[in-house]
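We did not get these values from a lab; they are worked out from the coordinates using the rules stated. Predicted, not measured: the structure shown is a model, and the values here were computed from it. Methodologically, a virtual Cβ is constructed for each residue, glycine included, from the backbone with ideal geometry; neighbour enumeration extends over all protein chains shown.
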Amino acid sequence: MTAFRSLIEAAWDDRSMLKDTEVQNAVRGIIDQLDQGLLRVAEPVATPNNPETDGKWQVNDWVKKAVILYFPIAQMETIEVGPFEFHDKIPLKKNFAEKGVRVVPHALARYGSFLEPGTIMMPSYVNIGAYVGSGTMVDTWATVGSCAQIGQNVHLSGGVGIGGVLEPPQATPTIIEDNAFIGSRSIVVEGVHIEKEVVLGANVVLTQSTRIIDVSGPEPVTYRGRVPARSVVIPGSYTKSFPAGDYQVSCALIIGQRKESTDKKTSLNSALREFNVAV
């Protein structure tokens, strides 16, 4: 693996090296490791008896570089699946029965992504470099972008968009931690980090610049790029002044904390009902 990494780093700085068979084999080897879940683009760095590392993630930027370098060496091919035809550089994942993954027509996962046993894909899409944990449901028309990291027992509801990130290589991918519930048509992009057991209401949009305002206490507390663990979040807006006048700008509101008594598999409506919010 050290040799692979050295070749990837060298080829990143000198793309002419992509003509070398050894470099191509290194790139393909990394993508194969991603496909098997033996490598990850990003991973938690928590260590025993060290609370300072809790919630911290490490980005393996050299692995992401390998994903980017895979595209110029891959060849366009026609992919036939029954009556369907695709024309692409990256093949689709196969052998889902052996992997213990349920895949409903017309769900697609690209080679180089990893689905833990117990993942359920409704008609949805998982891109290269992504990691999806056991017990997670990727619901109808939900998309998991390149290199996104999805934890275990997560529910990505219908139409959810989890953004991908490839460049810059050191950028943190979008992360959804264990037992989170992402409501219908929500969008989480630009490397936003959703911590464990968060509940996002329907239509919440989170980017790195989105204000995430905790309004559950006597004074508002604003976050950006991260939703704290167990938060219950709904769409909101605040007034911002522009040269043309005052207008409402979208934000996200943390209205409370998910209760210990709330089942981790709870529906969105059940979680929000505790706060008398209908979404």
* Dipole of the range 190-276, Cα-centred, from +1 at each Lys and Arg C-beta and -1 at each Asp and Glu C-beta, to the nearest 20 debye? -> 180 debye
* With label points built 7 Å along Cα→Cβ from the Cα atoms of residue 208 and residue 25, find their separation and express it in nm. => 3.8 nm
* Looking at 68, 198, 127, which one has the Cα that reaches farthest to the positive end of the dipole of the chain (charges on Cβ: Lys, Arg +1; Asp, Glu -1)? -> 198
* Structure fact -> In whole angstrom, the spacing between the Cα centers of the range 123-138 and the range 182-196 equals 14 Å
* How high is the relative contact order of the chain, given as a whole-number percent (alpha carbon pairs under 8 Å, six or more residues apart)? -> 10 percent
* Structure fact -> Here the FRET efficiency for residue 32 versus residue 71, based on Cβ atoms and R0 = 22 Å and rounded to 0.05, is 0.90
* Structure fact -> Between residue 102 and residue 85, the two model label points (7 Å from Cα along the beta-carbon direction) sit apart by a distance in nm of 3.4 nm
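Starting from the eigenvalues of the Cα gyration tensor, five times each then square-rooted, give me the equivalent ellipsoid semi-axes of the range 131-260, largest first, whole Å.
24, 18, 13
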* Out of 254, 79, 128, any idea which swings most in a Gaussian network model of the chain, alpha carbons joined below 10 Å? -> 79
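What does the charge dipole of the range 35-132 about its Cα centre add up to, to the nearest 20 debye, if the Cβ of each Lys and Arg holds +1 and the Cβ of each Asp and Glu holds -1?
Working: 10 positive and 11 negative charges, 2 e Å.
Rounded to the nearest 20 debye, it is 0 debye.
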* Structure fact -> Phi-derived 3J(HN,Hα) across the range 166-173 with the Karplus relation (6.51, -1.76, 1.60, θ = phi - 60°), rounded Hz, x for Gly and Pro, is 10, 10, x, x, 7, 5, 6, x
* **the range 182-279: relative contact order in percent, alpha carbon pairs under 8 Å with at least 6 residues between** => 27 percent
* To do: Compute the whole-percent fraction of alpha carbon pairs in the range 1-117 spaced more than 22 Å apart.
  => 47 percent
* Stretch residue 14-residue 46 to full length: gain in nm at 0.36 nm per residue minus the Cα-Cα span? -> 8.1 nm
* Structure fact -> Listed residues 135, 37, 245; largest mean-square fluctuation, Gaussian network over the chain with Cα springs below 10 Å, found at 245
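Considering only DSSP beta bridges with both partners in the chain, what is the antiparallel share in %, to the nearest 5?
Numbers: 25 of 61 bridges.
Given both bridge residues lie in the chain, the antiparallel proportion sits at roughly 40 percent.
Add -39500 (n - 2.57) for each DSSP H run of 4 or more in the chain, then divide by its residues: what number comes out at 222 nm, to the nearest 500 deg cm²/dmol?
Calculated at 222 nm, the ellipticity per residue is -5500 deg cm²/dmol.
Only bridges with both residues in the range 132-279 count here: give the DSSP antiparallel percent, nearest 5.
Details: 15 of 39 bridges.
Antiparallel: roughly 40 percent of the beta bridges in the range 132-279.
What is the extension gain from residue 247 to residue 277, computed as 0.36 nm multiplied by their sequence separation minus the C-alpha to C-alpha distance, in nm to one decimal?
Working: separation 30, 0.36 × 30 = 10.80 nm, distance 2.43 nm.
Full-extension gain reported as 8.4 nm.
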